[in-house]
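K.L.:
Following this message is one structure expressed as C-alpha cells.
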Amino acid sequence: MTLVAILSGAGISTDSGIPDYRGPQGLWTKDPEAEKLVTYDFYMSDPEIRRRSWLMRRDAATWGAEPNAAHRAVAALERSGTPVRVLTQNIDGLHQRAGLSARKVVELHGTAREVVCTRCHARSAMDDTLARVEAGEADPSCTVCGGILKPATVMFGERLDPEVLAEAMAITKASQVFVAVGTTLQVQPAASLAGIAVEHGARLVVVNAEPTPYDELAEETVREPIATALPALLERLSTERG
Ligand SMILES: [Zn+2]
C-alpha cells in the first residue's frame, strides 16, 4: 500500500479562522512586540511577558476554531484504508479534531492544546491552565513543582524536539506520495522534508496559493483554494491503483 505523507502548514487552517502567526507574513513575524510573547528567553525572564502570553492564549482564535473540509478530507483518507501520516507545522490540533488518529499526526511545532512545565516537564491540558488564568492567576505555575509553565509549543529560540524530527524524517523517507499543503516551504525543517521525500523516490505534490522553492521538483502543483483542492486530490489518491 502506498504511504501518503501530508506536510501541512498554516494555509490549511486559515479557512478555520486561524491566522498565520509564524510565516514570513505572519502576525508574530510582523509585530516584534507580539513575537516576544512567543520567544523563549523573553518568556522565561519576564513575568509580564508571561501574563500577556496567557491572556493572548485565552483570547486566541484556536479555541473556537473547527476543522474545515481540508482537515476532514485527510481524516477521510485514513478511514478509506490508505496509510497516511501527517507532519504538521500547526499547533491547533485541528487534524485530530477532524477525526484523524492522534498517533498518525507528528506535530513539528508542538501543540497549543497542552502546557508543559519548564522545570519538571510535566504536561497538562491548556484548558485547565486557562481556567486558572480566568480565575485570576496572572502567571499560573506548575502544580507539581512550582516551575514556570509554558504552552507545549516550540517557541522562537527553542529547538525542535529531536525525537519528533527523527520521526518526521523516517515518515518522509518511507512515503511514496508526499503532499505539501498550505506551507510556503521556506521554514526549516519543513522545506528540507519535501526535498528529502523526492530524493527517496516519493512523488511530490504541492498545494499552495503561492509558488514555493520546491515547485520544480513537484510532479504536480495545485494553486486552487485548499478547502476544495485537497479533498479532490486525496479522493483521487485513495482510488488510484498501483
Ligand atoms: Zn513542574
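The values are calculated or read from the model by the stated rules, or taken from the named source; none is laboratory data. Quantities reported herein were computed from a predicted structural model and do not represent experimental measurements. Glycine gets a Cβ as well: all are built from the backbone with ideal geometry, and neighbour counts include every protein chain shown. SASA here: full protein model, heavy atoms, side chains in, ligands and nucleic acids out. Shrake-Rupley method; radii C 1.70, N 1.55, O 1.52, S 1.80 Å.
K.L.:
Can you find a residue in region 183-195 that is modelled with pLDDT of 95 or more and open to solvent by 50 Å² or more (accessible area, probe 1.4 Å)?
P.N.:
Among the residues of region 183-195, not one is modelled with pLDDT of 95 or more and open to solvent by 50 Å² or more (accessible area, probe 1.4 Å), which makes the answer no.
K.L.:
Report yes if residue 238 is assigned to a helix (DSSP H, G or I), in contact with a helix residue (DSSP H, G or I) (Cβ under 7 Å, 6 or more places away or on another chain) and open to solvent by 30 Å² or more (accessible area, probe 1.4 Å), otherwise no.
P.N.:
When the stated conditions are applied, residue 238 passes them.
K.L.:
Of these, 98, 60, 73, which one is in contact with a His (Cβ under 6 Å, 6 or more places away or on another chain) and either under 30 Å from residue 240 (Cβ atoms) or of a type outside the set (Phe, Trp, Tyr) (or both)?
P.N.:
Exactly one of 98, 60, 73 is in contact with a His (Cβ under 6 Å, 6 or more places away or on another chain) and either under 30 Å from residue 240 (Cβ atoms) or of a type outside the set (Phe, Trp, Tyr) (or both), namely 98.
K.L.:
Taking the residues in region 206-228 that are assigned to a helix (DSSP H, G or I) and free of Cβ contacts under 8 Å to residues at least 40 places away in the same chain as candidates, determine which candidate is most open to solvent (accessible area, probe 1.4 Å).
P.N.:
Among those residues, the one meeting the criterion is 216.
K.L.:
In region 145-165, what count of residues is obtained for those that are more than 16 Å from the ligand (Cβ to nearest atom) and not hydroxyl-bearing (Ser, Thr, Tyr)?
P.N.:
Qualifying residue count, region 145-165: 12.
K.L.:
Output the number of the condition that residue 56 fails; it satisfies all remaining conditions of (1) within 16 Å of the ligand (Cβ to nearest atom); (2) in contact with a helix residue (DSSP H, G or I) (Cβ under 9 Å, 6 or more places away or on another chain).
P.N.:
Tallying (1) within 16 Å of the ligand (Cβ to nearest atom); (2) in contact with a helix residue (DSSP H, G or I) (Cβ under 9 Å, 6 or more places away or on another chain), residue 56 fails exactly one: (1).
K.L.:
Criterion first (within 16 Å of the ligand (Cβ to nearest atom), open to solvent by 40 Å² or more (accessible area, probe 1.4 Å), farther than 28 Å from residue 31 by Cα and without any contact (Cβ under 8 Å) to a residue 40 or more places away in the chain) does residue 142 satisfy it?
P.N.:
When the stated conditions are applied, residue 142 does not pass them.
K.L.:
When you scan region 78-126, how many residues do you find that are within 16 Å of the ligand (Cβ to nearest atom) and not in a helix (DSSP H, G or I)?
P.N.:
Total meeting the criteria: 12.
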